[in-house]
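Readers should treat all values here as calculations from the given coordinates under stated rules, not as data from a laboratory. This structure is a prediction, so every number in the text was calculated from the model and none was measured. Note: ideal-geometry Cβ built from the backbone for every residue, glycine included; neighbour counts use all protein chains shown.
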Amino acid sequence: MRMLTTFALAAAAALGFSAPSHAQFENRTIRVSNGVNQEHPVGNGVAKMAACAAERSGNRMRLQGFWGGALGGDLQATQALRSGTQEMVITSSSPLVGILPDLGVFDLPFLFANEREADQILDGDFGKYIADKLPAVGLVNLAYWENGFRNLTNSRRPVARLEDFQGLRVRVMQNNIFLDTFRTVGTNAIPMAFQEVFPALETRAIDGQENPFVTIDTSKFHEVQRFLSVTRHAYTPFLVLYSKALWDRLSAQEQQVLSACAIEGRDEQRKVSRELNDRSLANLRRNGMQVNEPAPAEMARMREAVKPVYERSAATIGKETVDRMMASLARIRGTN
Ligand code: TK8
C-alpha cells in the first residue's frame with residue numbers, strides 16, 4: 001500500500017502535478033503531555049503517531065512524549081495548550097468540564113454498554129459535534145483515544161452491594177458529575193488530580209479510587225489497594241488535543257499529517273488497550289488484588305440509585321448535548 005502511494009506520487013510528479021514536498025514541513029518538536037505512564041497503551045499510540053508524522057514529514061515533525069504528569073496534570077497541561085505554551089496533551093475528558101461543560105456528557109454513569117458503542121459515538125457525528133466546540137476554548141481535538149471502562153478499587157472491603165459504598169473515602173476526578181454519582185451511592189467523594197492519587201492512597205488519606213484496569217495496572221495502584229470491584233460505572237475517552245494558537249501557525253500540510261497520524265495512533269492505541277484489558281486484570285490478581293464482580297441484581301440497584309444524576313446534570317452539561325447523545329445512542333442501539 002505504502003509502495004503504491006510512493007509510486008503514485010512519483011508518477012504524479014513525473015507528470016508535472018505538484019506532489020507535497022518536505023519544504024512544507026518545518027523542523028518541529030511537538031511535546032505531548034500525558035498523565036499516564038509510558039507503559040500505558042497511550043505509549044503505543046504516541047509511538048505510532050510519532051512514526052507516522054516522522055515518515056510523512058521527511059523527519060521534520062517529531063513528537064516527544066512526557067509521562068506520568070511530568071509536564072503537569074491533565075487540567076494544568078490543557079491550560080498550557082490554551083495559552084499557547086505547549087503543543088499537545090492526551091487527557092481524559094472529565095477534568096476539562098470547567099473548560100467545556102458539554103464534555104460532562106461522557107461522565108454520565110453507565111452511559112455506554114461496551115466499546116463498540118463508545119467507538120461509534122466518538123468516531124461519528126456526536127464526536128464531531130463535541131470536537132467542533134473545542135476551538136472556541138482554544139483547543140483542537142485530533143482524535144478520541146481510549147482510557148476505558150472504570151472500576152472501583154479500595155483498601156477497606158469488596159464492594160458487592162450498594163450499601164458497601166457507604167462511607168468509603170473515594171477519590172474522583174475534578175468533575176461535578178463524578179462527584180454527584182459517588183456521593184449518591186454513599187461514598188465520601190474527594191476530587192483530586194490524578195498525580196496525587198497514589199500518594200493519597202499510600203498514606204491512607206483516601207480509601208479508594210476508580211479507573212480502568214489498564215490504568216490501575218500501569219499506575220501500580222495494586223501496591224496500595226487491596227480490593228477491586230468490577231463496576232464498569234463509566235467509560236472515559238482520551239482527547240488528543242493540540243493548542244489552537246499553535247495549530248493555527250502550522251501549514252495545511254502539517255495539520256493534515258497530524259490529523260491523519262492521530263487516527264493511525266488511535267487505532268493502535270485502542271487495539272493495544274483492548275488486548276491489555278484482560279492481561280491487566282490478571283496482573284492485578286497476580287499482584288494480590290482481591291477481585292469481585294457484583295451480582296447482576298446488585299448492579300441493577302446501583303444503576304437505579306444513580307439515575308437521578310442524569311436529570312441533575314442535564315442543565316450543566318447542556319440539554320441539547322445530552323439530548324443529542326441519547327438520540328445517537330438510541331440510533332446505534334436501534335431502539336428509536
Ligand atoms: C491520566 C488520567 C487518568 C484519569 C483519572 O492523566 O484522572 O483518573 O482516568 O487516567 O486521565
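Based on the alpha-carbon gyration tensor of region 227-336 and its eigenvalue square roots a ≥ b ≥ c, which shape applies: rounded if a/c is under 1.5, prolate if not and a/b is larger than b/c, or oblate?
oblate
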task: Using Cα positions and a limit of under 23 Å, work out the lysines in reach of LYS133, with same-chain residues fewer than 8 apart set aside.
output: LYS244, LYS319
- line: Computed on Cα atoms, Rg of region 60-214 relative to 2.2 N^0.38 Å comes out at 1.11
message: With +1 on the Cβ of every Lys and Arg and -1 on the Cβ of every Asp and Glu, and nothing else charged, how large is the dipole of region 173-263 about its Cα centre, in debye rounded to the nearest 20?
response: 100
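Where does each of SER243, SER155 land when they are ranked from fewest to most other beta-carbon atoms within 10 angstrom? Can you show the working numbers first?
Numbers: SER243 23, SER155 16.
Placing the least packed residue first, the sequence is SER155, SER243.
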field: Net dipole in debye of the chain [+1 Lys, Arg Cβ; -1 Asp, Glu Cβ; about Cα centre; nearest 20]
entry: 240
query: If one computes the Cα centroid of region 35-109 and of region 263-292, what distance in Å separates the two points?
result: 20
- request: Pairs of Cα atoms under 8 Å, at least six residues apart: use those to get the relative contact order of region 84-198, whole percent.
  value: 22
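Would you mind working out the magnitude of the charge dipole of region 238-336 relative to its Cα centre, with +1 at each Lys and Arg C-beta and -1 at each Asp and Glu C-beta, to the nearest 20 Debye? Display every interim value, and only then the final one.
Working: 17 positive and 13 negative charges, 46 e Å.
My answer is approximately 220 debye.
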- prompt: Counting alpha carbon pairs within less than 8 Å and at least 6 residues apart, what relative contact order, in whole percent, applies to the chain?
  reply: 26
task: Name the residue farthest towards the positive end of the dipole of region 34-101 from the options ILE99, LEU63, GLY45, assuming +1 on Cβ of Lys and Arg, -1 on Cβ of Asp and Glu, about the Cα centre.
output: LEU63
query: If eta is 1.567 mPa s and T is 4 °C, what Stokes-Einstein diffusion coefficient results for the chain, Kirkwood Rh from Cα pairs, in µm²/s?
result: 62
query: What are the lysines whose alpha-carbon lies under 22 Å from the alpha-carbon of LYS48, with same-chain residues fewer than 8 places away excluded?
result: LYS271
field: Value of relative contact order over region 140-293, rounded to a whole percent, pairs C-alpha under 8 Å and six or more apart
entry: 39
Most fluctuating residue given options ALA297, ALA260, ALA80, as computed from a GNM of the chain linking Cα atoms under 10 Å: ALA297
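Just how many % of Cα pairs in region 122-206 lie over 20 Å apart, if you round to the nearest whole percent?
Details: 1802 of 3570 pairs.
I get 50 percent for the Cα pairs in region 122-206 exceeding 20 Å.
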message: Rounding to the nearest 10 and keeping the result within 0 to 90°, find how far the Cα-based axis of helix 252-286 lies from the longest principal axis of the chain.
response: 30
- prompt: So, in Å, what gap is there between the alpha-carbon centers of region 226-253 and region 154-221?
  reply: 21
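Quick check on the exposure proxy: order PHE165, PHE126 from fewest to most C-beta atoms within 10 angstrom. It would help to have the intermediate numbers written out before the result.
Working: PHE165 24, PHE126 20.
Ascending number of Cβ neighbours within 10 Å: PHE126, PHE165.
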- prompt: Label points 7 Å out from Cα along the Cβ direction at ARG331 and THR203: separation in nm?
  reply: 4.9
message: Of the candidates ARG82, ARG249, ARG169, which one comes out as most mobile in a Gaussian network treatment of the chain with C-alpha springs shorter than 10 Å?
response: ARG249
